[in-house]
Amino acid sequence: MYVAERTLNFVRGFIKSYGPSNLKKLLWDEEFSGGKWNFIDDTRGDCVYLYLERYAGTGSILDLGCGPGNTANELAATAYRTYVGVDISEVALNKAKRRSKEGGRADHNHFAQGDFLSYVPTQQFDVILFRESMYHVPLGKVRAVLDRYSKYLRKGGVFIVRMNTTGGKLGRPKAMADIMETEFDVVEKRQYGESGPTVIVFRPRYSDRED
């Protein structure tokens with residue numbers, strides 16, 4: 001039973017990173033509608049908000065893999081002017097929209113349903129955020145995904161990635177962080193506790209390009 005459960009979890013995780021978008025949407029919708037992710041509904045005080053407030057500069061934020069809208073509704077309302085959250089799960093986005101309306105942020109928070117591996121933004125942003133969502137980018141595509149989204153950063157804009165890079169079973173996240181550190185200009189990096197999350201703030205090497 002234990003082996004079967006581990007195998008099923010591996011398959012689901014594999015599909016979430018490497019599967020076709022329609023199948024990924026099916027899995028994420030199932031998990032959000034079934035309450036699997038209810039435990040993340042309240043993340044007030046999370047370490048990533050400090051960085052978002054610092055680098056957004058009351059400007060614009062693109063949140064890739066926004067889930068049920070925590071960042072959109074817990075971040076200080078004065079920290080940004082425009083927020084766009086992208087997620088593959090329609091169930092999660094419906095929750096995010098409802099929370100934004102109830103919190104009086106519907107005019108500033110906007111959401112788009114889609115796979116962020118292929119999503120094409122319609123504007124440039126001061127911050128592009130991967131909050132726990134970088135896990136679902138295939139390791140071989142990390143550089144390409146970041147390069148593509150670099151085009152949608154305003155001059156001087158930054159990527160902010162929050163993920164856990166510690167522990168014996170987390171070689172893949174550590175490899176992702178290594179790509180960010182070797183291929184991009186790291187502005188800040190901090191690990192919270194021995195086994196806590198790491199926040200990496202970085203930008204493209206050639207950030208002097210024209211908007």
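Data for the structure
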{"item": "Candidate aspartates and glutamates - alpha carbon under 13 Å from K36, same-chain residues fewer than 8 apart omitted", "result": "none"}
{"item": "For the range 30-66 and the range 127-187, distance of Cα centres in Å", "result": "16 Å"}
{"item": "Added length on full extension, which subtracts the Cα-Cα distance from 0.36 nm per residue, K16 to V186", "result": "58.4 nm"}
{"item": "Candidate values (i) 101; (ii) 112; (iii) 125, label of the one derived for volume of the Cα convex hull per residue in Å³", "result": "(iii)"}
{"item": "FRET E, pair Q113, K174, Förster distance 25 Å, beta-carbon r, rounded to 0.05", "result": "0.20"}
{"item": "FRET efficiency for E102 and K36, using Cβ-Cβ distance with R0 set to 30 Å, rounded to 0.05", "result": "0.85"}
{"item": "Dipole in debye (nearest 20) - the chain, about Cα centre, beta carbon charges: Lys, Arg +1; Asp, Glu -1", "result": "220 debye"}
{"item": "Gaussian network model of the chain, Cα within-10 Å springs - most flexible of S33, S89, S150", "result": "S33"}
{"item": "Cut-off of 10 Å, at most 13 other beta carbons, DSSP loop: longest stretch of the chain lacking such GluC sites (Glu not before Pro)", "result": "1-193"}
{"item": "Residue with peak Gaussian network fluctuation, the chain [Cα springs, cutoff 10 Å], from N109, N70, N38", "result": "N38"}
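Values in this text are rule-based calculations from the coordinates and carry no lab data. From a predicted model like this one, the values you see are computed outputs, not experimental measurements. Don't worry about glycine lacking a Cβ; one is built from the backbone with ideal geometry, like all the others, and counts go over all protein chains shown.
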